[in-house]
1. Which of the residues belonging to the range B:65-86 are open to solvent by 30 Å² or more (accessible area, probe 1.4 Å) and within 12 Å of another protein chain (Cβ to nearest Cβ)?
2. Please return the ranges of helices (runs of 4 or more DSSP H) entirely within the range A:1-117 where 3 or more residues are of a type outside the set (A, V, I, L, M).
3. Consider residue A:202 carefully, then state whether it is in contact with a strand residue (DSSP E or B) (Cβ under 8 Å, 6 or more places away or on another chain), basic (Lys, Arg) and under 28 Å from residue A:19 (Cα atoms).
4. I'd like the residue in the range B:91-109 that is open to solvent by 50 Å² or more (accessible area, probe 1.4 Å) and part of a loop (DSSP other than H, G, I, E, B) and, out of all such residues, is nearest to residue B:21 (Cα to Cα).
5. Since residue A:142 meets every condition but one in (1) more than 26 Å from residue A:94 (Cα to Cα); (2) within 14 Å of chain B (Cβ to nearest Cβ), which condition does it not meet?
6. What number of residues in the range A:73-129 are within 15 Å of residue A:209 (Cβ to Cβ), buried (at least 20 other Cβ atoms within 10 Å of the Cβ) and of a type in the set (Gly, Ala, Ser)?
7. Taking the options B:46, B:56, name whichever one is more than 9 Å from chain A (Cβ to nearest Cβ), at pLDDT 95 or above and more than 15 Å from the chain's Cα centre (by Cα).
8. Taking the condition of being surrounded by fewer than 16 Cβ atoms within 10 Å (Cβ to Cβ) and in a loop (DSSP other than H, G, I, E, B), how many residues in the range A:130-153 meet it?
Amino acid sequence: MTPAEFDFIAQYLKQKSGLVLTPDKQYLLDSRLTPVARRFNLPDLTALILKLRSGGDETVSKAVVEAMTTNESFFFRDKTPFEQFERMMLPALMKARAGQKRLRIWCAAASTGQEPYSLAMILKDKALSAQGWAVEIVGTDLSTEVLARATDGLYSQFEVQRGLPIQMLVKHFEKEGEQWRIKPDIRNAVKYRQANLLEPFRGHLTYDVIYCRNVLIYFDQPAKKDILERMAKLLAHDGYLVLGAAETVIGLTTAFAPVEGARGIYAKTAAASSLQAAI
Amino acid sequence: MKHCLIVDDSRVIRKVARRILEELAFEIGEAEDGALALDYCRQQMPDAILLDWNMPNMNGLEFLRALRGGGAGSEGERPVVLFCTTENDLDHITAAIEAGANEYIMKPFDKEILEAKFTETGLL
């Protein structure tokens with residue numbers, strides 16, 4: 001790939017999705033866009049880029065953006081954000097919402113569904129609905145392709161062996177051929193829809209927890225700040241924001257502050273100190 | 001250094017698993033079937049056992065039942081046992097858990113899966 005081609009595709013992705021592609025990520029272009037080129041019967045990336053340059057083909061454009069913005073996803077990825085949910089956030093929220101018995105969770109980069117389903121499995125094991133709680137989990141992603149997979153809830157043997165304890169597999173999945181399908185009660189606990197984080201958030205209610213992990217890394221500083229500040233408006237005053245292990249709000253916005261002693265967990269600045277005391 | 005016994009009748013599988021687990025800083029022992037694995041455990045009880053299902057003489061499930069039942073001494077409850085087999089249906093998985101397996105790996109596996117499962121069971 002020539003430097004001019006790289007510059008074009010980097011600029012193109014930035015404009016379409018906000019994705020910032022640094023030169024060290026060039027390998028991602030090869031590994032992710034070669035299959036896209038093949039799908040549209042194009043011989044190589046040069047031909048694919050030429051197609052994008054000539055414009056007019058929305059399907060190709062969409063496929064390129066989706067291929068480049070899709071994350072690898074595991075069940076219970078990084079473990080800690082789920083342990084923190086179970087041990088800290090959930091008990092605190094159940095206490096605070098004991099009256100209305102309603103919780104709303106948003107997974108803002110739901111990808112192929114592993115994160116929202118991991119939360120749904122925790123909630124199922126806690127038997128919240130049996131105790132009269134209504135818990136809504138909303139999963140959004142830029143890519144309709146990954147959301148179709150999430151909705152389908154069908155995972156390869158390889159995917160169900162990364163991060164998912166065997167007891168969870170037995171309890172919450174059914175074998176289908178050589179693959180594993182998440183059971184309907186878990187599947188139905190999550191509602192999916194397509195959303196671009198760069199665009200105004202529409203049709204959302206107030207959330208108690210927002211998971212926004214490993215997606216901000218793709219955006220530049222002003223976009224990160226803008227997304228976080230719009231998320232703050234959708235978060236309950238005593239709600240939690242969960243970021244990826246390599247991400248932070250520090251230096252980006254004062255809308256959130258870290259919850260002390262809980263790595264990767266943030267609260268609205270006004271509430272952060274009282275939530276610390278509640279741990 | 002933690003000590004892991006690899007029980008599999010395939011020399012290739014033992015070699016692959018050994019290489020991955022040595023990288024994860026385990027001290028490795030090997031056995032070709034369940035009967036030899038029981039002998040091994042009587043000599044020195046490992047911290048972890050990576051266990052194939054289908055093997056001659058004594059299969060993985062028979063070995064596990066014997067181990068947990070005290071057939072290799074009173075320490076038989078201690079090792080973390082991870083099945084590692086091509087058997088990948090719910091009946092086999094359930095039987096393994098009921099016999100006292102801590103985790104279950106469906107072959108084929110790679111470093112990422114072994115690492116995830118060993119982490120899952122607190123070995124890493």
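The values are calculated or read from the model by the stated rules, or taken from the named source; none is laboratory data. Since this is a predicted model, take the numbers as computed values, not measurements. In this analysis, Cβ positions are derived from the backbone assuming ideal geometry, glycine residues included, and neighbour counts consider all displayed protein chains. Please note that ligands, DNA and RNA were not included when accessible areas were found on the heavy atoms of the full protein model with its side chains. Shrake-Rupley method; radii C 1.70, N 1.55, O 1.52, S 1.80 Å.
1. B:86
2. Of the helices (runs of 4 or more DSSP H) lying wholly inside the range A:1-117, those with at least 3 residues that are of a type outside the set (A, V, I, L, M) span A:3-17, A:26-39, A:45-54, A:58-69, A:80-84.
3. Details: in contact with a strand residue (DSSP E or B) (Cβ under 8 Å, 6 or more places away or on another chain): no; basic (Lys, Arg): yes; under 28 Å from residue A:19 (Cα atoms): yes.
So residue A:202 fails the test.
4. For the range B:91-109, the residue satisfying everything is B:108.
5. So residue A:142 meets the others, but not (2).
6. Residues meeting the conditions: 5.
7. Step by step, each of B:46, B:56 is checked, and only B:56 is more than 9 Å from chain A (Cβ to nearest Cβ), at pLDDT 95 or above and more than 15 Å from the chain's Cα centre (by Cα).
8. Result for the range A:130-153: 1.
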